[in-house]
């Protein structure tokens, strides 16, 4: 099974905002970003499975690959809870520091920790590997891609954010004979 992990294209948001599960608009460069992204990828089989986060920044991109996209809530970005839509700079410094130093196990108020995200992504992953599909595209967010790569590489979750995952990037994995390996990351 060839598995392509694709991060959504650029958004029309300012840096420094918490917009994990908020549905934010895409940048005006979307059409150009899509063309550049498609040029990085091979032709896909007609039976290629395409999964997407239900957020429009992913779903709009996924629909450029297939008319039969399977939306899955488990592919959404980290839930920032009460912090959604707020600037990191506007959060109490001590609270933000505690979270950034403990993001693996600490969650924003009414949100989720990276461990929570990792577990829900892992449930999706386990089901996916059982499908025995030949090709799969997963259009999602940086946090989910980091969690899936951490799973594939048996990385401690504290190391997952050392993986750079740019907008419009592609990471490719191959699953064969119950063995998973990474072909490339962040292309």
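Students often get this wrong: which residues of region 133-149 have the backbone nitrogen under 16 Å from the point 7 angstrom along Cα-to-C-beta of residue 182?
Those under the cut-off are 141-149.
Angle between the Cα long axis of helix 114-131 and the longest principal axis of the chain, 0 to 90 degrees, nearest 10?
10
Per-residue ellipticity at 222 nm for the chain, helices alone: DSSP H runs ≥ 4 residues times -39500 (n - 2.57), over residue total, nearest 500 deg cm²/dmol?
Result for the chain: -9500 deg cm²/dmol, rounded to the nearest 500.
Once you have the Cα-Cα distance between residue 135 and residue 123, take 0.36 nm times their residue separation minus that, and quote the gain in nm to one decimal.
On the way: separation 12, 0.36 × 12 = 4.32 nm, distance 1.90 nm.
Result for the pair: 2.4 nm of gain on full extension.
Going by average Cβ density within 10 Å per residue, which order do the peptides 36-42, 88-94, 150-156 take, highest to lowest?
Taking the mean over residues of other Cβ atoms within 10 Å, the ranking is 150-156, 36-42, 88-94.
Counting other beta carbons within 10 Å of each residue's own, what order do 28, 34 fall into, fewest first?
28, 34
Using a 7 Å offset from Cα along Cα-Cβ at residue 40, what residues in region 112-148 end up with backbone N under 18 Å from the label point?
It comes to 136-148, nothing else.
By counting other Cβ atoms within 10 Å of each Cβ, how are 132, 172 ranked from fewest to most?
Ordered from fewest to most neighbouring Cβ atoms within 10 Å, 132, 172 come out as 132, 172.
Starting from the Cα of residue 162, step 7 Å along the direction of its Cβ; do the same at residue 23; then give the gap between the two resulting points in nm.
Roughly 3.8 nm, to one decimal.
Using the Cα gyration tensor of region 29-78, with a ≥ b ≥ c the square roots of its eigenvalues, what is the shape: rounded (a/c below 1.5), prolate (a/b larger than b/c) or oblate (neither)?
Working: a/c = 2.18, a/b = 1.20, b/c = 1.82.
Oblate is the answer for region 29-78, as a/c is 1.5 or above yet b/c matches or exceeds a/b.
Would you mind ranking 171, 52, 29 by Cβ crowding within 10 Å, fewest neighbours first?
Ranking 171, 52, 29 by Cβ neighbours within 10 Å, fewest first, gives 29, 171, 52.
No lab work stands behind these numbers, since they all come straight from the coordinates. Everything numeric here is computed off the predicted structure, so don't read it as measured data. Every residue, glycine among them, receives a Cβ derived from its backbone with ideal geometry; neighbour counts consider all protein chains shown.
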